[in-house]
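This report concerns only the one structure given below.
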């Protein structure tokens, strides 16, 4: 009989743990709630993987009372329309690159400056520091709550016409770009013909040759199956995109402090998982795309520096439109990340 005691104790502990979790949720001010989480990428994309992990953590922390229902692949609309739905309170959550928020708070366009970050470590340092926090603090007055920063990664050019191995190869290419001014200005300065489109419309535009190509991390090229209609890719790495995890302020104000804490804690716990997943997928995506028949061209560091120099006037133009103190703080943080004097 005593030999069975450890097994009984283990079973008892499991039961007690379940009761304690349920009891904790009951003791807290947590109601039965379902949140709609809409985003433009696929569920299999690293952003979708992050959304799924976030959903699981929220449900666990709330004792099953709070559920997050995912709406991937732009089924509830493109970024702009979903952000408007958050402001109206009809959708609770989404993810958006900072540039899509620059129309509300111009400072967010800082994160879309060409060649701002050299690597992910620099981006993490700035986003998770005071500059990243100050930008999130600008969102409540616009009807949004910024929970944390996920990641999209370094953007690369793909097209159906020719390899891109130098700056001149971009001349005349009609490229879908993000619907933000700095990206439109940047590709126009490089001699391309930028065509801003919502992400859900890009595959059809590429398939119908309305545009020659687009620019996104290779993870999205894989997840969106652009390799079916894009022959050439080039790792230009011209912009690094973080992603802001957003919640509707209108709905946020209806939540208790306990419910808000669960959402914030879940976001913070999900962040390292999502970033790691994104980097892993991006690291493997190039080989996958080659296996699907895409021709991937190495974009030399010297050519990347030429792009940087060519785009300096675009960077200066957009920096001048932003609070100089915040801009200086950003470059100061970058200097710290690089272990050198601030720019």
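The values are calculated or read from the model by the stated rules, or taken from the named source; none is laboratory data. It should be emphasised that the depicted structure is a prediction, and the values quoted were computed from it without experimental measurement. Cβ coordinates were reconstructed from backbone atoms using ideal geometry, including for glycine residues, and neighbour counts include every protein chain displayed.
Among the criteria (1) under 16 Å from the mean Cα position of the chain (by Cα); (2) farther than 19 Å from residue 319 by Cβ, the one residue 167 does not fulfil is (1). Are any residues in region 120-147 in contact (Cβ under 8 Å) with a residue 60 or more places away in the chain, assigned to a loop (DSSP other than H, G, I, E, B) and at negative phi, and if so, which ones? Selection gives 129, 139. Within region 320-341, the set of residues being surrounded by fewer than 16 Cβ atoms within 10 Å (Cβ to Cβ) and either more than 18 Å from residue 123 (Cα to Cα) or in contact with a strand residue (DSSP E or B) (Cβ under 8 Å, 6 or more places away or on another chain) (or both) comprises 320, 321, 323, 324, 325.
Number of residues in region 223-252 that are modelled with pLDDT of 95 or more and more than 28 Å from residue 126 (Cα to Cα): the value is 11.
Listed here are the residues, each with its yes/no results for (1) part of a helix (DSSP H, G or I); (2) surrounded by 15 or more Cβ atoms within 10 Å (Cβ to Cβ); (3) at pLDDT below 95.
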{"position": "271", "(1), (2), (3)": "yes, yes, no"}
{"position": "274", "(1), (2), (3)": "yes, yes, no"}
{"position": "277", "(1), (2), (3)": "yes, yes, no"}
{"position": "282", "(1), (2), (3)": "yes, yes, yes"}
{"position": "288", "(1), (2), (3)": "yes, yes, no"}
{"position": "296", "(1), (2), (3)": "no, yes, no"}
{"position": "309", "(1), (2), (3)": "yes, no, no"}
{"position": "318", "(1), (2), (3)": "yes, yes, yes"}
{"position": "343", "(1), (2), (3)": "no, no, yes"}
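Restricting to helices (runs of 4 or more DSSP H) lying wholly in region 5-119: which have 3 or more residues that are buried (at least 20 other Cβ atoms within 10 Å of the Cβ) and modelled with pLDDT of 95 or more?
Counting at least 3 such residues, we get 46-61, 79-88.
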